[in-house]
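Beneath this line is the structure, given in structure tokens, with notes to follow.
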Amino acid sequence: MPSVCFYFEVHQPVRLSRFSVFNIGGVQDPYNSYFDHKKNRAIFEKVASKCYIPTNKLLLDLINKYDGRFRVSFSLTGTFVEYCELFMPWVLESFQDLFDTGAVDLIEETYFHSLSSLYDDLDEFEDQVKMHRDMIYRIFHYKPKVFRNTEAIFDNRIAKKVSDMGYKGIITEGADKILDWRSPNYLYKPVNIDIKVLMRNYMLSDDVGFRFSARGWSGYPLTSDKYAKWMADSPGDVINLFMDYETFGEHQWADTGIFEFLEHLPGEVLKYDNLDFVTVSEAVNRYDVKGEIDVPWAISWADADRDVSTWLGNNMQISCFNELKDIGRILREKKDEELLYVWRLLQTSDHLYYMSTKGFEDGAVHAYFSPYEVPYDAFINYMNILQDLKQRAMHR
Amino acid sequence: MRIAMLGWEYPPFKVGGLGTHCYGLTRSLADKNVEIDFYMPRVKDRPVSDKKNLRIIEVGDAVLFPYDRPDSKELSGQFYDKVYKYNELLFKCVNGKYDLIHCHDWLTMKAAVRLKEKLGCPLVVTVHSTEYDRAGWLYPNQWFIDIEREGMEKADRIIAVSNFTKKVIVEKYGINPDKVEVIYNAVDPIGEGEKKNLVLFLGRLTLQKGPEFFLKTAKKVLEHEDTRFVIAGSGDMLPRLINQAIELGIANKVIFTGSLSDEEVRHIYKIASIYVMPSVSEPFGITALEACSAGTPTIVSKSSGVSEVFKNCFKVDFWDTDEMANKIISLLRYDPLRTTMSKYSLKEINLFTWDRVADKTLEVYSKIMR
């Protein structure tokens, strides 16, 4: 019987201030001049009131109502947790309340939601995973068993590193180019290492994440009974529904009916004898792998291409990425904690995502999430900041 | 379908976007089996048509005129006189059976309104710019506004070159928005050239085009990067701009070319590293598309039609010279920015074809054909 495995990504980047070429070499305090704390706080508070607070409350009610048979998993990025601790500690407490029900699992990732898994060496990646591990332990007294890399970026090398760090499972995209004819509703293992891979069912996940309010879609309007039936009719062991947590109330506004959908979903799913809910750890413990996957080139869950071209698809992105790595080499050597922290905030993948020039269909999604008018503005701002940081790094 | 189109300029004689538009539109319409009689004043370099469906009919003996009013009182008196005579001649000369009349801007609106009565067929008016744009929103002339309003009121359908212009038509001229369709302009691609280290302004040197903001920006850029600034075009602000460059102490870095031939314009787009269009009020801004089609990264004013629709360019407030300088310096410093913008703007430019403009225009025609 297929188990339904809900997993939500909870993330907010630390967005940049406007930083022109005239600011390079002319600011005192990098942390306060690079990042727009006022705007970040405003966005965080808005998303918290539209999504985090109401959705957490609903999930807690649902878990209690169904006596723990409704189960979900979360991954919280370090930048998200810092926002909570700075501005709204009670939001973090509501996640603790959810975790304390025993029906909620937590997933590991890089603290800064970075692309460090794509660097030439994986030392920075390992540091950021450990930072995340320490943070989760500090807040929840728990050590996650399952890892999900930034935007589900995955290849054989990353799988091996994550396995070496002791994780039992890893999440990635059920990309057609990897699975071909095979179903995402089973566990797989990479060719090079023993770790269980959970493959995101992108059809069913995106039905909620992207298409929920799309009037032109044949599935519209999506009701919980219809959705539960689709899952009941699906073959396989586990249906991995992985999406941004902000889907609830932020990407899909409350007036689309997304909260009503969520409210009724557990009941509709549990009507079927062949369906139940599992957390990611439970999925990994309960089911065996059904095949191997070979991923020499990185895949992800982003855009139609399902690769890393969303962040590294044009020359602007690649040049920033290289600059970022160069600065890191200097800073890691000098062990300058203050600048290392600033550098790590700049590694958050969103900064490169805003520079994507991918056309039209995907481009529309980018525009919605970007604080910049055009990707070229994102480049100038980010590159100017990198230039300032580089000068600083070299002169310390 | 047979159309009488009333024009003012047509290549090789043209001074603005109107001539470029009429050329691209009439030729693409002709390819779609529309019969067009294009009326225009007699000029020295006689335009010729190589299309069977497209006849270019010269009316009267008008001499070359600017698109905009001349700045001296004496000249402008003559100019208005000629416009008046041309409209009278059009009214007399345009005869026969047409499915509709299509005119462009205020210059032929008087004749168009009367011809609509005389021939008893519907009227389409394309608005490429309004008096408010041409005056840079300072002291617009009521005489032009009245002509424009009458033409817009009598028209069965109005084509605006942008939402920016549609808004002016609705808000300033009180026209029902349902009657106004937006059709963006297009470009015949110029093609890439070998880039030189120069930043280009190209357009009439009038308040509307914002050349003084270009010079202020140049001053700020030159404090950080070495490059040359080219101001191509002529107009009543030229002496003032030369003085401004001297006062700013950048005269040795600024080149004033005066008016350029079509060939020279194409060349300068090809070799420019960056194109800047800091217009105060630009209904569309075909020059931005032309620059992009030459692979030249482009910065456009937010007060322009092209900024609504073209994605792969920078958009700035025309008065924000700090931000314009920030963008120019970044473009000069960061090669990947220049190459990426160039690559994607060349790709996007393929969407802006006259064929598309002709299709959209035909849709407008079909809505009002009797």
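At-a-glance table
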quantity: Top-ranked residue of the stretch A:6-53 - restricted to ones that are outside any loop (DSSP other than H, G, I, E, B) and free of Cβ contacts under 8 Å to residues at least 12 places away in the same chain, ranked as farthest from the other protein chains (Cβ to nearest Cβ); calculated: A:Ser49
quantity: Helices (runs of 4 or more DSSP H) wholly inside the stretch A:198-307 that include at least 1 residues being assigned by TED's automatic domain parsing to the domain that holds A:Asp155, among the small types (Gly, Ala, Ser) and in contact with a strand residue (DSSP E or B) (Cβ under 7 Å, 6 or more places away or on another chain); calculated: A:202-209, A:280-286
quantity: For A:Lys325: the one exception among (1) buried (at least 16 other Cβ atoms within 10 Å of the Cβ); (2) within 12 Å of chain B (Cβ to nearest Cβ); calculated: (2)
quantity: Residue in the stretch A:146-157 that is part of a helix (DSSP H, G or I), at pLDDT 95 or above and farther than 16 Å from A:Asp294 by Cα present; calculated: yes
quantity: Index of the failed condition, A:Glu333 passing every other in (1) modelled with pLDDT of 95 or more; (2) farther than 30 Å from A:Asp194 by Cβ; (3) assigned to a helix (DSSP H, G or I); calculated: (1)
quantity: Hey, B:Ile329 among the hydrophobic types (A, V, I, L, M, F, W, C) and buried (at least 20 other Cβ atoms within 10 Å of the Cβ) or not; calculated: yes
quantity: Single residue of A:Trp253, A:Trp297 found to be more than 14 Å from chain B (Cβ to nearest Cβ), out of contact with any Phe, Trp or Tyr (no Cβ under 9 Å at 6 or more places or on another chain), more than 30 Å from A:Thr101 (Cβ to Cβ) and aromatic (Phe, Trp, Tyr); calculated: A:Trp297
quantity: Filtered residue count, the stretch B:309-365, keeping only those that are outside any helix (DSSP H, G or I) and among the polar types (S, T, N, Q); calculated: 3
quantity: Search result, residues across the stretch B:208-246 that are part of a helix (DSSP H, G or I), buried (at least 19 other Cβ atoms within 10 Å of the Cβ) and among the β-branched types (Val, Ile, Thr); calculated: B:Thr217, B:Val221
quantity: Given (1) within 14 Å of chain A (Cβ to nearest Cβ); (2) touching an Asp or Glu at 6+ places or on another chain (Cβ under 6 Å), number of the condition B:Pro283 does not satisfy; calculated: (1)
quantity: Which numbered condition B:Glu263 fails, given (1) away from every other protein chain (no Cβ under 11 Å); (2) crowded, with 24+ Cβ neighbours inside 10 Å; calculated: (2)
quantity: From A:Lys189, A:Lys161, residue being among the basic types (Lys, Arg) and over 13 Å from A:Gly291 (Cα atoms); calculated: A:Lys161
quantity: Residues located in the stretch B:331-352, provided they are more than 7 Å from chain A (Cβ to nearest Cβ) and under 27 Å from the mean Cα position of the chain (by Cα); calculated: B:Leu331, B:Arg338, B:Ser342, B:Lys343, B:Ser345, B:Leu346, B:Lys347, B:Glu348, B:Ile349, B:Asn350, B:Leu351, B:Phe352
quantity: Search result, residues across the stretch B:179-234 that are at pLDDT 95 or above and hydroxyl-bearing (Ser, Thr, Tyr); calculated: B:Tyr184, B:Thr217, B:Thr227
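The values are calculated or read from the model by the stated rules, or taken from the named source; none is laboratory data. Because the structure is predicted, anything quoted here is derived from the model rather than measured. Cβ: placed from backbone, ideal geometry, glycine included. Neighbour counts: every protein chain shown.
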